[in-house]
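Asker: The structure under discussion is supplied below as structure tokens; questions concerning it will follow.
Taken together, the values in this text are just the output of simple stated rules run on the coordinates, not laboratory data. Being a predicted model, the structure only gives us computed values, none of them experimental. Virtual Cβ from ideal backbone geometry, glycine too; neighbours counted across all protein chains shown.
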Amino acid sequence: MWGDPIVAETRTLRNEYARDFNYDIDAIFEDLMAKQATHPERVVSLPPRKADALTHRKRGHRQDLPSP
């Protein structure tokens, strides 16, 4: 099977990063939050959006389906 070299490199780097923290998700989270705090100008905040009724229908939410 053909493999994408960019995907392979990304997965390798992700694994190395996780290994640095012994695959501890809490430690990884703390590190990411610390990095984020050092560069607040790089954080993007978007206003909340209301869910679109059409989007819900596409996802097949039961309340949006017609009654039988």
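Asker: Provide Val44, Val7 in ascending order of the number of other Cβ atoms located within 10 Å of each residue's Cβ, fewest first.
Answerer: Arranged by neighbour count, lowest to highest, Val44, Val7 become Val44, Val7.
Asker: To continue, here is another question. If we count every other residue with Cβ under 12 angstrom of Asp20's Cβ, Lys/Arg +1 and Asp/Glu -1, where does the sum land?
Answerer: Local net charge: -1.
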